[in-house]
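Single-structure report; data block below.
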Amino acid sequence: MKIELKQTADYIKERLIDTPKIGLILGSGLGVLAEEIENPTTLSYEDIPNFPVSTVEGHAGQLVAGTIEGKQVIAMQGRFHFYEGYTMEEVVFPVRVMKELGVEQLVVTNAAGAVNESFSVGDLMIIKDHINNQSANPLIGPNDAALGLRFTDMSNAYSKQLRAIAHEQASILGINIQEGVYVANTGPCYETPAEVRMARKLGGDAVGMSTVPEVIAARHAGLEVLGISCLSNMGAGILPQPLNHEEVIEVTEKVRSSFLGLVKAILKEM
Ligand code: HPA
């Protein structure tokens, strides 16, 4: 195992009271969930040795550990994107740190554009599977056997059990939830209408610029994964208006309460 990983995990461990069991990665506009963490220990990315620093608006850039619904969690408020210029290894570094801290399950969230025309702006979507369209993979390079296997199985990347819990809790809360395939493009530009049509033809239901690297690293490390997208806009070309980041943040903030309620209900059952 790389010395940096151990160093970073040790630094965090020294500052935590309990061992986190569930990791949370909070996407654009969804960072508010970290504010629900009780007895929080907050560590700013810039203070954590070897941690990259997040640059996107709407991302706070800190780790928050504590309890939600009685569960020991550690949340990334703000993630690292490939389009920011980080290497894939840097993008997934926090996932590997989480594993080293004792995390066993990972909940990843993001804002995404709806490709499936039967979906609506503001819908939440449980990620059933993904298509990696980033032409890069965090597992490329020498395999560190201390982290995981050379060839990682991705046939059950998004846990059936966790998806069942998510569906059940959504139904109890009266949240109309979608399920679908998330297509990760690199960004940072939004897709062209032709790229959105391509994603649909390939079997995609939503497009985004994150999540897939972290899920690959999580599966490599043997973590069980749940993914939830907040559909902040219809994919490019579906509606007559242009896309912008402000709209993405605005919509994710509007669905904040149902998103928070759902994730908390799911955590309770995990
Ligand atoms: N495309 C890619 N990423 C996104 C989108 C989109 O339409 N909306 C939010 N993140």
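All of the numbers you see were taken from the coordinates with simple rules; none came from a lab. Note that the structure is a prediction, hence the values are computed from the model and not measured. Glycine gets a Cβ as well: all are built from the backbone with ideal geometry, and neighbour counts include every protein chain shown.
Among the numbered criteria (1) surrounded by fewer than 16 Cβ atoms within 10 Å (Cβ to Cβ); (2) touching a residue at least 12 places away in the same chain (Cβ under 8 Å), which one does Pro240 miss?
Evaluating Pro240 over (1) surrounded by fewer than 16 Cβ atoms within 10 Å (Cβ to Cβ); (2) touching a residue at least 12 places away in the same chain (Cβ under 8 Å) leaves (2) as the failure.
Which pairs turn up if I take residues in the range 189-211 that are under 26 Å from Val92 (Cα atoms) and look for partners that are more than 13 Å from the ligand (Cβ to nearest atom) and part of a loop (DSSP other than H, G, I, E, B) with beta carbon separation below 8 Å, at least 6 apart in sequence or on another chain?
none
Could you list all residues from the range 196-247 that are β-branched (Val, Ile, Thr) and over 17 Å from Gln134 (Cα atoms)?
Scanning the range 196-247 gives Val225, Ile228, Ile238.
Can you name every residue in the range 118-136 that is touching a strand residue (DSSP E or B) at 6+ places or on another chain (Cβ under 8 Å) and assigned to a loop (DSSP other than H, G, I, E, B)?
Phe119, Ser120, Val121, Gly122, Asp123, Asn133, Gln134
Any idea how many residues of the range 96-108 are touching a strand residue (DSSP E or B) at 6+ places or on another chain (Cβ under 7 Å) and under 17 Å from Thr211 (Cβ atoms)?
Qualifying residue count, the range 96-108: 6.
Which of the residues that make up the range 1-36 are among the hydrophobic types (A, V, I, L, M, F, W, C), in a loop (DSSP other than H, G, I, E, B) and over 18 Å from Val92 (Cα atoms)?
Matches in the range 1-36: Leu16, Ile17, Leu30.
Among the residues of the range 19-54, which ones are closer than 30 Å to Asn143 by Cα and charged (D, E, K, R)?
Passing the criteria: Lys21, Glu46, Asp47.
Looking only at helices (runs of 4 or more DSSP H) that lie completely in the range 170-270, which have at least 3 residues being more than 24 Å from Val32 (Cα to Cα), out of contact with any helix residue (DSSP H, G or I) (no Cβ under 8 Å at 6 or more places or on another chain) and more than 11 Å from the ligand (Cβ to nearest atom)?
193-201
For the subset of the range 122-140 comprising residues that are among the β-branched types (Val, Ile, Thr) and out of contact with any helix residue (DSSP H, G or I) (no Cβ under 6 Å at 6 or more places or on another chain), which member is farthest from the ligand (Cβ to nearest atom)?
Ile140
Just to be sure, is Ser159 more than 21 Å from Gly261 (Cα to Cα) and hydroxyl-bearing (Ser, Thr, Tyr)?
When the stated conditions are applied, Ser159 does not pass them.
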